[in-house]
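Shown below is the structure under consideration.
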Amino acid sequence: MRDDFRQIGRITQREASRSAAILALDENDRILMQLRDNFEGVAAGGKWCLFGGSVEEGEDLTAAACREFHEETGITLMRAEVMPLAKFASSSNPGEVIYVFRTTRRIAVSQIKLGEGAGFAFLTQEQTAQFDVIENVAQMLAKVKLV
């Protein structure tokens with residue numbers, strides 16, 4: 001796959017691991033955000049982020065993003081519904097690069113069956129600056145055009 005991800009910030013270390021996430025909007029152009037569990041061992045616990053997670057052995061980025069989104073929201077996305085958006089270094093796991101896809105499908109609250117996390121919300125781009133969003137996710141949201 002060609003690397004069509006816009007790089008946000010510097011990625012200075014060799015990529016040791018990868019995560020994939022989905023940026024989804026609702027019909028009002030608000031961003032679907034996950035409130036991370038605040039349990040011991042959860043990276044960035046209690047902070048807001050996009051739905052996503054680690055790429056498994058032998059899995060490509062698109063498959064990982066769609067799988068994680070399904071596991072965490074109950075929504076199945078097809079490969080044709082996602083496109084590369086951005087990539088950046090993880091602020092909590094050295095050597096990890098996070099790849100964010102954007103989905104063309106508009107998501108409604110009624111479709112979500114939360115499978116992971118303490119909660120979720122649809123936030124405007126401006127509202128994300130007022131919430132405790134993971135630093136590198138906040139930087140990405142400030143730099144990408146959503147609509």
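The values are calculated or read from the model by the stated rules, or taken from the named source; none is laboratory data. Remember, it's a predicted structure, so these values are computed and weren't measured experimentally. With ideal geometry, Cβ positions are generated from the backbone for all residues, glycine too; neighbour counts draw on all protein chains shown.
Within the set of pairs 6+ apart or on separate chains, which have a first residue in the range 109-137 that is modelled with pLDDT of 95 or more, a second that is assigned to a helix (DSSP H, G or I) and among the β-branched types (V, I, T), and C-beta atoms under 6 Å apart?
Going by the 6 Å Cβ cut-off, the qualifying pairs are I112/T73.
Can you pull out every residue in the range 106-131 that is within 14 Å of G46 (Cα to Cα) and within 15 Å of the chain's Cα centre (by Cα)? Step through it out loud before you land on a result.
First, the residues of the range 106-131 that are within 14 Å of G46 (Cα to Cα): 116-121, 131.
Residues satisfying the conditions are E116, G117, G119, F120, A121.
Among the candidates G58, G52, single out the residue that is under 16 Å from S17 (Cα atoms), of a type outside the set (D, E) and touching an Asp or Glu at 6+ places or on another chain (Cβ under 7 Å). Reasoning before the result, please.
Details: G58 fails: touching an Asp or Glu at 6+ places or on another chain (Cβ under 7 Å).
Sole residue among the options that is under 16 Å from S17 (Cα atoms), of a type outside the set (D, E) and touching an Asp or Glu at 6+ places or on another chain (Cβ under 7 Å): G52.
If T76 meets every condition in (1) at pLDDT below 95; (2) more than 22 Å from I8 (Cβ to Cβ) apart from one, which number is that one?
Tallying (1) at pLDDT below 95; (2) more than 22 Å from I8 (Cβ to Cβ), T76 fails exactly one: (1).
Let me ask you something else. Only residues in the range 10-24 that are over 16 Å from L85 (Cα atoms) and of a type outside the set (G, A, S) count as the first member; pair them with residues that are in a loop (DSSP other than H, G, I, E, B) and at pLDDT below 95, Cβ under 8 angstrom, at least 6 apart or cross-chain, and list the lot.
Note: pairs meeting the criteria are Q13/P94; Q13/G95; R14/G95; E15/G95.
Report yes if F101 is crowded, with 18+ Cβ neighbours inside 10 Å, at pLDDT 95 or above and under 26 Å from E15 (Cα atoms), otherwise no. Break it down into steps so the answer makes sense when it comes.
Values: crowded, with 18+ Cβ neighbours inside 10 Å: yes; at pLDDT 95 or above: yes; under 26 Å from E15 (Cα atoms): yes.
The answer is yes for F101.
Shifting gears a bit: Hey, could you check the range 101-131 for residues that are assigned to a loop (DSSP other than H, G, I, E, B) and polar (S, T, N, Q) and say which is nearest to R79 (Cα to Cα)? It would help to see each step written out before you state the result.
Of all residues in the range 101-131, those assigned to a loop (DSSP other than H, G, I, E, B) come to 107-108, 112-118, 124, 129-131.
Filter again for polar (S, T, N, Q), leaving 124, 130.
Values: T124: 26, Q130: 32 Å.
Selected residue: T124.
Could you tell me whether G45 is within 30 Å of Q130 (Cβ to Cβ) and either in a loop (DSSP other than H, G, I, E, B) or over 15 Å from the mean Cα position of the chain (by Cα) (or both)? Full working, then the answer.
Details: within 30 Å of Q130 (Cβ to Cβ): yes; either in a loop (DSSP other than H, G, I, E, B) or over 15 Å from the mean Cα position of the chain (by Cα) (or both): yes.
Taking the combined requirement at face value, the residue satisfies it.
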